[in-house]
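The values are calculated or read from the model by the stated rules, or taken from the named source; none is laboratory data. Given the structure is predicted, the values throughout are model-derived calculations rather than measurements. Backbone-built Cβ (ideal geometry, glycine too); neighbour counts: all protein chains shown.
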Amino acid sequence: MNNNGTLRITMTLLCILFGLTTAFAAPAKQKLKVGYAPGGGSILAFIAQDQKLFAKEGIEVELVQFSSSGDGLNALNSGKIDIGISFGTAAPLTFITKGSDFTIIGGALAGGHPVIALQAKAGQFKSIQDFKGKTVATPRLYTADVVWRGALKRAGIDPNKDVKIIELKNPPAVLEAVKSGKVDVGIGASSIYLQAKESGLAIVGWSNDFFPQHPCCRIVAKGKAVSGDPEIYRAFLRALLQAERIKDKDGSLAQDITRRYMNIDDKLAREFVHEPHQHVNVDPNKKGVKQMWHELKEIEYVKSDLDVNRFINTELYRDALNALIRRYPKDRYYQDAMKTFEAQNS
């Protein structure tokens, strides 16, 4: 055989070998940029990242921190991130009324937003009626702001006449207003809970007091992206569900991870992870979101006739949960989560 024939055979064999190697190589992980604010809604993402649960489900996640819900959702709207996990419920719904292609696919936190005041004023706030005549700082469009205003209305208190409301951009600004004595009380958020404790402020109430188990920190993605590649979002939810189980079963590990990711001491990490007013779970809670939509319209934050059902996708979470039930058929945790799902999303 001449040299040309030998070369052709060699090249053919190399091509076959390359094809076989490519066929059996591990597929490249798909990537997601995930926006968050450092609060209770971030804990599950920290656990999933630390315990390599995202990698286990075949995705690579980059966590991107934002200082406000508005900034995070603007980044999602412009395509700079793929998912938002801790930007509330009220803010995504408001963006939707303005034309944003957002879809709620899960949750990260329910309740858990503190109402804060100076220690000297703490005794003044024992019920919703005690807000009458007070100066109140609140972060507009944050979930706690909406549930508080809804509670005012139900209590017969006119926020335009009976309360002096100082609207601020984000919860850190509310914290500073309370610390400086410029306001009597502040409607806070989970993201400033630790700073409030460190500053010696009093927690005089919780958003749960105004709307028990209200949804917050919904997991939000672009509707077109979800339709185009639903499996990557199912994988993301599977990872978070496993992180939820870890937090429930191994609080000390969740505490250690939170301490490291948020760069806080053990005491604060323990208080943060085990705070009973913060309910961390991935369930989308369609019923709660619809109630929040009703609240937004009741307090005239939005005027819209949109069908909110179109912007809540519960199938991805259901599929993710069913996959884990098949994978771990003897694990009661996921079976109980399915019962919760059926109760909150029917």
query: Could you list, in sequence order, the residues of region 305-321 that are among the polar types (S, T, N, Q) and either surrounded by 14 or more Cβ atoms within 10 Å (Cβ to Cβ) or assigned by TED's automatic domain parsing to the domain that holds Y142 (or both)?
result: N313, T314
Residue ranges of strands (runs of 3 or more DSSP E) in region 156-262 with at least 2 members not aliphatic (A, V, I, L, M): 164-168, 202-206, 215-222
query: Quick one: would you say D71 is out of contact with any Leu (no Cβ under 8 Å at 6 or more places or on another chain), under 30 Å from G181 (Cβ atoms), not assigned by TED's automatic domain parsing to the domain that holds I192 and not aliphatic (A, V, I, L, M)?
result: yes
- request: Filter region 73-93 for residues that are touching a Phe, Trp or Tyr at 6+ places or on another chain (Cβ under 8 Å) and at pLDDT 95 or above and give the result.
  value: L73, A75, L76, N77, I83, G84, I85, P92, L93
message: When you scan region 274-296, do you find a residue that is in contact (Cβ under 8 Å) with a residue 12 or more places away in the chain and over 30 Å from R149 (Cβ atoms), even just one?
response: no
Pairs with Cβ under 8 Å, 6+ apart, first in region 326-346 and in the same structural domain as E315 (by TED's automatic domain parsing) and farther than 13 Å from T314 by Cα, second assigned to a helix (DSSP H, G or I) and β-branched (V, I, T): D331/I325; Y334/I325; Q335/I325
task: Kindly indicate the residue of region 120-157 that is touching a strand residue (DSSP E or B) at 6+ places or on another chain (Cβ under 6 Å) and either of a type in the set (A, V, I, L, M) or in the same structural domain as H294 (by TED's automatic domain parsing) (or both) and also surrounded by the fewest Cβ atoms within 10 Å (Cβ to Cβ) among those meeting that condition.
output: A122
task: Go through V289, V302, V282 for me and flag whichever is surrounded by 21 or more Cβ atoms within 10 Å (Cβ to Cβ), of a type in the set (A, V, I, L, M, F, W, C) and not in a helix (DSSP H, G or I).
output: V282
message: Can you find, within region 179-206, the residue that is surrounded by the fewest Cβ atoms within 10 Å (Cβ to Cβ) among those that are modelled with pLDDT under 95 and polar (S, T, N, Q)?
response: S199
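Yes/no matrix, rows are residues, columns are (1) of a type in the set (V, I, T); (2) within 24 Å of V115 (Cα to Cα); (3) modelled with pLDDT of 95 or more:
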| residue | (1), (2), (3) |
| --- | --- |
| K267 | no, yes, no |
| F272 | no, yes, no |
| P276 | no, yes, no |
| V280 | yes, yes, no |
| K287 | no, no, yes |
| E295 | no, yes, no |
| I299 | yes, yes, no |
query: So P215 clears everything in (1) buried (at least 23 other Cβ atoms within 10 Å of the Cβ); (2) in contact with a Lys or Arg (Cβ under 6 Å, 6 or more places away or on another chain) except one condition, right? Which one?
result: (2)
